[in-house]
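To start, the structure under review is shown below, and the notes come after it.
The values are calculated or read from the model by the stated rules, or taken from the named source; none is laboratory data. Because the structure is predicted, anything quoted here is derived from the model rather than measured. No Cβ is skipped: glycine too gets one built from the backbone with ideal geometry, and neighbour counts run over all protein chains shown. Calculation scope for accessible area: heavy atoms of the full protein, side chains included, ligands and nucleic acids excluded. Shrake-Rupley method; radii C 1.70, N 1.55, O 1.52, S 1.80 Å.
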Amino acid sequence: MAIAYLDGVWQAIHDAKVSVLDRGFMFGDAVYEVIPVYRNKPFMLVEHIQRLATSLAEIKIHNPMSTEQWLELIGEAIFRAEEAYALVYVQVTRGVAQRREHVWPENASPTILVTVSGSPALAETHTSSDIKPYVMIIAEDFRWQRGDLKSTCLLAAGLFKNEALAQGADDAILIRDGLVTESSSSNVFVVIDNVLVTPPKSRMILHGITRDLILTLARELNIPVEERDIKQSELAEASEIMVSSAGREVWPVGVINGISVGNGGPGVVWDKLNTGFQVIKDKL
Ligand code: PDD
């Protein structure tokens with residue numbers, strides 16, 4: 001059952017309503033997190049709550065709860081939803097203003113939204129024999145220069161995703177100043193000369209929780225890793241490309257702009273990382 005907690009009230013997700021004067025609705029003045037749930041347990045929840053705290057601090061919204069309170073609230077949300085495999089969505093806005101103006105309201109209290117929706121896709125464990133690698137287009141990354149903030153202003157992400165779908169693809173790999181940044185809602189990795197390469201953390205990309213886990217896993221598996229800029233031209237040299245996110249774990253890319261990546265199938269490095277990821281998940 002998809003449920004919502006909105007400012008202290010538990011309700012069915014479709015019943016939850018915010019004011020038109022909520023800064024999140026009016027200005028996208030809000031940040032969020034998406035946390036996967038496997039077998040009723042949240043995955044890497046503390047890391048997500050820490051990133052939420054960072055996003056809030058960066059946009060100067062007072063964090064309305066302590067880490068312990070967040071953990072408790074999200075635990076209760078998962079319990080109430082009764083969904084073994086789900087995505088928890090957490091959003092905090094600057095709150096409701098008295099009127100529409102750019103200046104932040106002085107005494108608004110942050111609006112807190114937590115939803116839990118079942119996600120059957122998270123119950124699927126893919127292997128190289130059944131996974132369908134993504135088909136990607138390349139798009140210019142015209143987003144603002146704070147991709148590190150998990151802001152709810154996702155207009156650009158929607159444009160990229162829908163343009164990709166219109167072209168018969170699954171998603172877009174984004175390029176800024178000739179360099180790969182990320183995908184519309186995931187981080188990007190390439191394998192060149194057997195080295196797993198991903199762009200370094202900067203203000204231009206989201207510091208993905210799954211990205212961190214994949215890097216840790218790669219090091220444990222003795223896969224050489226480099227965090228460095230990736231030129232667009234290097235995409236053609238990659239034997240493998242993959243993306244990572246809370247919703248998609250680690251997913252191979254088979255085609256970019258109509259050209260096969262490697263042999264077009266999931267590669268050996270993806271296979272090792274995916275196998276390692278499933279082991280970690282099963283230990284939850
Ligand atoms: N997206 N980059 C962008 C732009 C993202 O929106 C996301 C996550 C990621 C991966 O971050 P993480 O591994 O922490 O999920 C990278 C979420 C899932 C979403 O918006 O639905």
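Looking at this structure, is residue 184 hydroxyl-bearing (Ser, Thr, Tyr), in contact with a strand residue (DSSP E or B) (Cβ under 9 Å, 6 or more places away or on another chain), open to solvent by 20 Å² or more (accessible area, probe 1.4 Å) and on the phi < 0 side of the Ramachandran plot?
Judged against the criteria, residue 184 is not a match.
Give region 119-138 a look and list any residue that's in contact with an Asp or Glu (Cβ under 8 Å, 6 or more places away or on another chain) and open to solvent by less than 20 Å² (accessible area, probe 1.4 Å), or say none.
Residues satisfying the conditions are 119, 136, 137.
Mind checking which pairs have a first residue in region 182-196 that is under 15 Å from residue 266 (Cα atoms) and a second that is near the ligand (Cβ under 7 Å from one of its atoms) and not charged (D, E, K, R), Cβ under 8 Å, 6 or more apart or different chains?
Close Cβ pairs (under 8 Å, with a partner that is near the ligand (Cβ under 7 Å from one of its atoms) and not charged (D, E, K, R)) amount to 189/244.
Taking the residues in region 235-251 that are open to solvent by less than 30 Å² (accessible area, probe 1.4 Å) and hydroxyl-bearing (Ser, Thr, Tyr) as candidates, determine which candidate is nearest to the ligand (Cβ to nearest atom).
Filtering region 235-251 for residues that are open to solvent by less than 30 Å² (accessible area, probe 1.4 Å) and hydroxyl-bearing (Ser, Thr, Tyr), the one nearest to the ligand (Cβ to nearest atom) comes out as 245.
Would you point out the residue of region 98-117, among those that are of a type in the set (A, V, I, L, M, F, W, C) and open to solvent by 10 Å² or more (accessible area, probe 1.4 Å), that is nearest to residue 22 (Cα to Cα)?
That would be 108.
When you go through 264, 254 one by one, which is the residue that is outside any helix (DSSP H, G or I), in contact (Cβ under 8 Å) with a residue 60 or more places away in the chain and surrounded by 15 or more Cβ atoms within 10 Å (Cβ to Cβ)?
The conditions single out 254.
For region 1-76, please list each of the strands (runs of 3 or more DSSP E) lying entirely inside it that holds at least 2 residues being open to solvent by 40 Å² or more (accessible area, probe 1.4 Å).
9-12
Per-residue answers, yes or no, for (1) more than 10 Å from the ligand (Cβ to nearest atom); (2) more than 16 Å from residue 259 (Cβ to Cβ):
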| site | (1), (2) |
| --- | --- |
| 163 | yes, yes |
| 166 | yes, yes |
| 173 | yes, no |
| 176 | yes, yes |
| 184 | no, yes |
| 187 | no, yes |
| 192 | yes, no |
| 198 | yes, yes |
| 203 | yes, yes |
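Assess whether residue 223 counts as being assigned to a loop (DSSP other than H, G, I, E, B), touching a residue at least 40 places away in the same chain (Cβ under 8 Å) and not polar (S, T, N, Q).
Here the answer is yes, as residue 223 does meet what is asked.
Among the numbered criteria (1) over 21 Å from residue 225 (Cα atoms); (2) within 12 Å of the ligand (Cβ to nearest atom); (3) open to solvent by 30 Å² or more (accessible area, probe 1.4 Å); (4) in a loop (DSSP other than H, G, I, E, B), which single criterion is violated by residue 147?
Evaluating residue 147 over (1) over 21 Å from residue 225 (Cα atoms); (2) within 12 Å of the ligand (Cβ to nearest atom); (3) open to solvent by 30 Å² or more (accessible area, probe 1.4 Å); (4) in a loop (DSSP other than H, G, I, E, B) leaves (3) as the failure.
I need the full set of residues from region 187-220 which are under 25 Å from residue 157 (Cβ atoms), open to solvent by 10 Å² or more (accessible area, probe 1.4 Å) and in a helix (DSSP H, G or I), in order please.
Correct list: 209, 210, 212, 213.
With the structure loaded, tell me whether residue 280 is farther than 18 Å from residue 121 by Cα, open to solvent by 10 Å² or more (accessible area, probe 1.4 Å) and either touching a strand residue (DSSP E or B) at 6+ places or on another chain (Cβ under 8 Å) or not small (Gly, Ala, Ser) (or both) or whether it fails that test.
No: the conditions fail for residue 280.
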